[in-house]
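Read the figures in this text as sums done on the coordinates, not as results from a lab. Small disclaimer: the values here were computed from a predicted structure and weren't measured. Here the Cβ positions follow ideal geometry from the backbone for every residue, glycine too, while neighbour counts run over all protein chains shown.
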Amino acid sequence: MTTLRIAEIFGPTIQGEGALIGQPTIFVRAGGCDYRCSWCDSMHAVDSSFRHSWPAMEPAAIMARIEDLSGGQPLTVSISGGNPAIQDFGPLIAMGRARGYGFALETQGSIARDWFADLDMLVLSPKPPSSNEVPDIAAFEACLAARGRGEVSLKIVIFDDADYAWARDFADRHPDLPLYLQPGNPEVDPEVPVMAQDVADRLLWLVGRVNADRWFRPRLLPQLHVMLWGNMRGV
Ligand code: SF4
């Protein structure tokens with residue numbers, strides 16, 4: 001069976017972002033990404049120089065670790081990365097679903113996979129201009145088309161006015177999707193503490209921005225895990 005390069009499996013913890021914020025979750029972080037966002041806080045799961053720390057695991061071994069961490073309780077499993085869409089998570093999702101686990105997956109929307117249809121939650125997180133990446137609109141649309149019975153939501157991190165303007169334009173093209181905006185975290189060094197007040201201040205700026213525009217569609221959230229743990233890994 002195909003193996004998957006996995007950077008981390010950890011939990012139970014809480015989901016810190018988006019539509020499932022606060023939900024008890026086991027995280028599976030895939031190794032490898034087709035982007036190099038300027039502010040990526042997960043380079044240990046992106047940069048191939050870390051590849052030695054991404055063991056190739058069979059889905060059954062990943063599932064065993066999930067069951068061990070969750071004590072056999074079918075929590076939500078959140079697959080993140082990196083970009084998990086560069087690998088085939090279909091067999092793991094099928095295995096977990098047969099055991100009662102629900103699966104969420106976050107991707108920037110650059111690669112569509114047919115197994116997106118088996119997810120309970122597909123979080124599409126296109127990257128704004130400050131990332132220095134340029135989303136492929138056709139690929140993003142293909143990801144949307146691959147959706148199945150589960151929910152799909154749009155999550156965009158905002159660092160500045162240019163990101164905000166871009167997010168408005170992008171979201172307007174997808175009026176049917178639940179929309180979550182989060183201020184970005186400019187501190188990417190896992191050794192440097194992040195002050196919860198700094199996270200709150202960036203969220204206050206974003207609240208002021210949407211209120212000034214009377215744009216009441218998005219839900220505004222902090223990155224809760226950053227507020228609680230900064231850039232610490234494995235929580
Ligand atoms: Fe990092 Fe996500 Fe950008 Fe990949 S898409 S480089 S994981 S922020």
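Which residues, taken from region 200-214, are under 24 Å from the mean Cα position of the chain (by Cα) and surrounded by fewer than 16 Cβ atoms within 10 Å (Cβ to Cβ)?
Scanning region 200-214 gives Ala200, Asp201, Leu204, Trp205, Val207.
Could you tell me which residue of region 57-68 is farthest from the ligand (Cβ to nearest atom), considering only residues that are in contact with a helix residue (DSSP H, G or I) (Cβ under 6 Å, 6 or more places away or on another chain) and under 17 Å from Ala85 (Cα atoms)?
Among them, the one singled out is Pro59.
Determine the pairs where a residue that is under 18 Å from Ala30 (Cβ atoms), located within region 71-82, has a partner that is of a type in the set (Phe, Trp, Tyr) and more than 12 Å from the ligand (Cβ to nearest atom) with Cβ atoms under 6 Å apart, the partner being 6 or more residues away or on another chain.
Val77/Tyr101; Val77/Phe103; Ser78/Phe27; Ile79/Phe89
Which one of these is small (Gly, Ala, Ser), under 23 Å from His174 (Cβ atoms) and touching a Phe, Trp or Tyr at 6+ places or on another chain (Cβ under 8 Å): Gly109, Gly90?
On inspection, the qualifying residue turns out to be Gly109.
Which ones in region 9-38 are assigned to a strand (DSSP E or B), within 13 Å of the ligand (Cβ to nearest atom) and either more than 21 Å from Tyr180 (Cβ to Cβ) or of a type in the set (S, T, N, Q) (or both)?
Selection gives Ala30 alone.
Report whether or not Val134 is within 16 Å of the ligand (Cβ to nearest atom) and within 30 Å of Ile62 (Cβ to Cβ).
no
Taking only region 69-84 into account, find how many residues are assigned to a loop (DSSP other than H, G, I, E, B) and more than 16 Å from the ligand (Cβ to nearest atom).
Result for region 69-84: 5.
Sort out which residues of region 180-227 are over 19 Å from Ser130 (Cα atoms) and touching a Ser or Thr at 6+ places or on another chain (Cβ under 9 Å), and write them in order of number.
Matches in region 180-227: His225 only.
Out of the residues in region 137-157 meeting the condition of being without any contact (Cβ under 8 Å) to a residue 12 or more places away in the chain and not charged (D, E, K, R), tell me which one is farthest from the ligand (Cβ to nearest atom).
For region 137-157, the residue satisfying everything is Ala138.
Looking at the structure I just gave you, is Ile93 within 16 Å of the ligand (Cβ to nearest atom) and without any contact (Cβ under 8 Å) to a residue 60 or more places away in the chain?
So Ile93 does not fit the description; no.
If we scan region 66-84, do we find a residue that is out of contact with any Pro (no Cβ under 7 Å at 6 or more places or on another chain), among the aliphatic types (A, V, I, L, M) and surrounded by fewer than 20 Cβ atoms within 10 Å (Cβ to Cβ)?
no
Out of all the residues in region 178-235, which are charged (D, E, K, R) and outside any helix (DSSP H, G or I)?
Scanning region 178-235 gives Glu187, Asp189, Glu191, Arg214, Arg217, Arg219, Arg233.
Given (1) within 16 Å of the ligand (Cβ to nearest atom); (2) buried (at least 17 other Cβ atoms within 10 Å of the Cβ); (3) under 15 Å from the mean Cα position of the chain (by Cα), identify the lone condition not met by Trp54.
The single condition Trp54 does not satisfy is (3).
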